[in-house]
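> The structure follows.
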Amino acid sequence: MMSIKSLTVGMALLTACAIPSVEAAAPVVYVRAGRLFDGTGETAKNNQGIVVEGERIKAVGPAAEITIPEGAKVIDLSSTTVLPGLIDCHTHLGSRADNFDEVNKFKRTPFTSGFAAVVNARKTLDAGFTTVRDLGSRPFMAVDLREAINEGFIPGPRIVASGPAISMTGGHGDLNKYSPSVHMMMYPEERDFQIADGVDQVRHVVRAQIKYGVDVIKINASGGVMSRGDPPGSPQFSVDELIVAVKEAHALGRKVAAHAHGALGIKNAVSAGVDSIEHGSLIDDEGIRAMIDHGTWLVSDIYNDDYLLGRAKEIHLPQESIDKEREVGQVQRENFAKCVKAGVKIAFGTDAGVYPHGDNAKQFALMVRYGLTPAQAIRSATSRAAELLDRSNQVGSVVPGRYADLIAVTGDPLQDVTVLENVAFVMKGGRIHRSDLTATSHSESAGPEPKRRTDSR
Ligand code: ARG
């Protein structure tokens, strides 16, 4: 038992510690960029200086005009192109892409996805993605992950978190085509937050997810590829159900992302007022028009097909998913090109977790092959993505006031977007997360996060 005396001494000590000391000044860092693409506009500027104070960007401009603040640590990135940290608007950090055997559905506990998420969050940040919108995980893994990363407990990108994707009974998020007794084996809490039929249940699930801290609502408005018994082309949920989801989410300040491959599902979701269409694979001309009229974003995961069909055997992709992928994969790319041509707003999102996390940047090459200029493709993963996420004043551009989320690549991504597949330097919130670049005075300077391996990509 603690004596009164030691308790008093302890309390005195605590009080002493609580006396605010003079606040340590935020570390100041000066980054010299050989070339800077700031996430907006068409071109990069040569020889730029970036002043970072604490976790924010303080000043940006021609190196000749931006003086190095006294005492600043200098990071020499003069042989590289510097860009804002990249943003992927569609990930599943809790998912692994190495084995899609159906038996896993019955073997994996929520812990499994938690372990995967810790590894995948780091791989994602290693690859230069400093912000992701995580669109579908067990309740409420992405919310917890967001918090753990924000607390600095584990390394990872900033996370805009959804809960589990909301699905109708028998829909893309349900466990289908097993005996009814198997159906009951879904975790009860998952059913509560995920499966909804009718406007009242949809309203309830949206409210319940928001109660537990999600930033965004994900709803499945058509069938899918990586699920059983739900053709990608078939619509899911009635327009009324989708409308109530959007109304509730928007009233509570959350955006809505709708998974939709099928033409009718896309149109239903767009007319209900969702903020983004995920996949958009089988969109028709009417759907394209509707997206333009409503200002709906397209987040189309056009890299996935290469991985899924290229590795089908080794990743144990069920035959049903192989068949569905063959149905949507190539046409999705062609329809992406149509949407680009028509002027649909494009944000970068890859569905990471269907393919391995960390390979996110592989999608840039496809986006350029199917109609975007390199600058447009990069903006889709920087300033444009930030717009969709409603975080333009936080991330997505190298502008004073934003988080100092910076990456560097050797080479010129405006000539060759594939250089983004090899990010050499990652800073998040003013701290260096990793660097392959040698001989700089930065390694201890910018308050690096706790020591970690840098070779984990
Ligand atoms: N999560 C998506 C689904 O199951 C993956 C689609 C992957 N294929 C593609 N071509 N985008 O429907």
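The values are calculated or read from the model by the stated rules, or taken from the named source; none is laboratory data. If you're wondering where the values come from, they're calculated on a predicted model, not measured in any experiment. Heads up, the Cβs are rebuilt from the backbone with ideal geometry, glycines too, and the neighbour counts pull from every protein chain shown. Side chains are part of the model used for accessible areas, which takes the heavy atoms of the whole protein and leaves out ligands, DNA and RNA. Shrake-Rupley method; radii C 1.70, N 1.55, O 1.52, S 1.80 Å.
> For segment 272-286, what are the residues that are buried (at least 18 other Cβ atoms within 10 Å of the Cβ) and either more than 16 Å from the ligand (Cβ to nearest atom) or assigned to a strand (DSSP E or B) (or both)?
A272, V274, D275, S276, I277, E278, H279
Per-residue answers, yes or no, for (1) under 18 Å from the mean Cα position of the chain (by Cα); (2) closer than 18 Å to G223 by Cα; (3) within 12 Å of the ligand (Cβ to nearest atom):
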residue	(1), (2), (3)
G295	no, no, no
D305	no, yes, yes
K313	no, no, no
L317	no, yes, yes
K324	no, yes, yes
E334	no, no, yes
V340	no, no, no
V344	no, no, no
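> Take segment 228-271 and flag every residue that is more than 16 Å from the ligand (Cβ to nearest atom) and polar (S, T, N, Q). Let's see the steps before the verdict.
Initial filter on segment 228-271 (more than 16 Å from the ligand (Cβ to nearest atom)): 238-256, 267-268, 270-271.
Within segment 228-271, S238, N268, S271 meet the criteria.
> While we're on this one: Among the residues of segment 150-160, how many are over 13 Å from D215 (Cβ atoms) and more than 13 Å from the chain's Cα centre (by Cα)?
Quick first cut of segment 150-160, residues over 13 Å from D215 (Cβ atoms) only: 151-157.
Okay, now just the ones that are also more than 13 Å from the chain's Cα centre (by Cα), so 151-155.
The number of residues fulfilling the criteria is 5.
> If G171 satisfies every condition in (1) small (G, A, S); (2) crowded, with 24+ Cβ neighbours inside 10 Å; (3) closer than 30 Å to L86 by Cα but one, which is the exception?
(3)
> Give me the pairs: first residue in segment 353-380 and away from the ligand (no atom under 16 Å from the Cβ), second residue modelled with pLDDT under 95 and assigned to a loop (DSSP other than H, G, I, E, B), beta-carbon distance under 9 Å, and six or more apart or on different chains, which are they?
Hits for this filter: G358/S456; G358/R457.
> List, please: which pairs have Cβ atoms under 7 Å, are six or more places apart or on different chains, and start with a residue in segment 306-318 that is closer than 16 Å to K362 by Cβ and end with one that is at pLDDT 95 or above and β-branched (V, I, T)?
Matching pairs, first to second residue: L308/V354.
> Also: Name the single residue, out of those in segment 228-245 being open to solvent by 10 Å² or more (accessible area, probe 1.4 Å) and in contact with a Gly (Cβ under 8 Å, 6 or more places away or on another chain), that is nearest to S179 (Cα to Cα).
Step one: of segment 228-245, the residues open to solvent by 10 Å² or more (accessible area, probe 1.4 Å) are 228-229, 231, 233-235, 237-241, 243-244.
Adding the requirement that they be in contact with a Gly (Cβ under 8 Å, 6 or more places away or on another chain) leaves 229, 231, 233-235, 237, 241, 243.
On the way: G229: 13, P231: 20, G233: 25, S234: 23, P235: 24, F237: 23, E241: 27, I243: 32 Å.
The qualifying residue nearest to S179 (Cα to Cα) is G229.
> Looking at segment 182-198, I want the residues that are on the phi > 0 side of the Ramachandran plot and modelled with pLDDT of 95 or more and have a partner that is in a helix (DSSP H, G or I) and open to solvent by 70 Å² or more (accessible area, probe 1.4 Å) with Cβ atoms under 7 Å, at least 6 apart or on another chain. Which pairs are those?
none
> Going through segment 235-279 one residue at a time, which ones are small (G, A, S) and touching a strand residue (DSSP E or B) at 6+ places or on another chain (Cβ under 6 Å)?
Narrowing segment 235-279 to residues small (G, A, S): 238, 245, 249, 251, 253, 257-258, 260, 262-263, 265, 269, 271-273, 276.
Within segment 235-279, A245, A249, A257, A258, A260, G262, G265, A269, S276 meet the criteria.
> Separate question: Name the strands (runs of 3 or more DSSP E) wholly within segment 71-154 that hold at least 1 residues that are within 16 Å of the ligand (Cβ to nearest atom) and of a type outside the set (K, R)?
Numbers: elements: 73-84, 86-91, 129-134.
In segment 71-154, 86-91, 129-134 are the strands (runs of 3 or more DSSP E) which contain 1 or more residues that are within 16 Å of the ligand (Cβ to nearest atom) and of a type outside the set (K, R).
> Could you please find all residues in segment 71-108 being touching a Lys or Arg at 6+ places or on another chain (Cβ under 7 Å) and without any contact (Cβ under 8 Å) to a residue 60 or more places away in the chain?
Passing the criteria: only S78.
> If you don't mind, there's one more thing I want to ask. Across segment 289-321, what is the total count of residues that are assigned to a helix (DSSP H, G or I) and either polar (S, T, N, Q) or open to solvent by 10 Å² or more (accessible area, probe 1.4 Å) (or both)? Give the steps one after another, and end with the answer.
Kept after step one, since they are assigned to a helix (DSSP H, G or I), are these residues of segment 289-321: 289-294, 304-310, 319-321.
Add one more test, that the residue is either polar (S, T, N, Q) or open to solvent by 10 Å² or more (accessible area, probe 1.4 Å) (or both), and what stays is 289-290, 292-294, 304-307, 309-310, 319-321.
Qualifying residue count, segment 289-321: 14.
> Could you tell me which residue of segment 209-227 is farthest from D101 (Cα to Cα), considering only residues that are surrounded by fewer than 24 Cβ atoms within 10 Å (Cβ to Cβ), more than 9 Å from the ligand (Cβ to nearest atom) and not aromatic (F, W, Y)?
Among them, the one singled out is K211.
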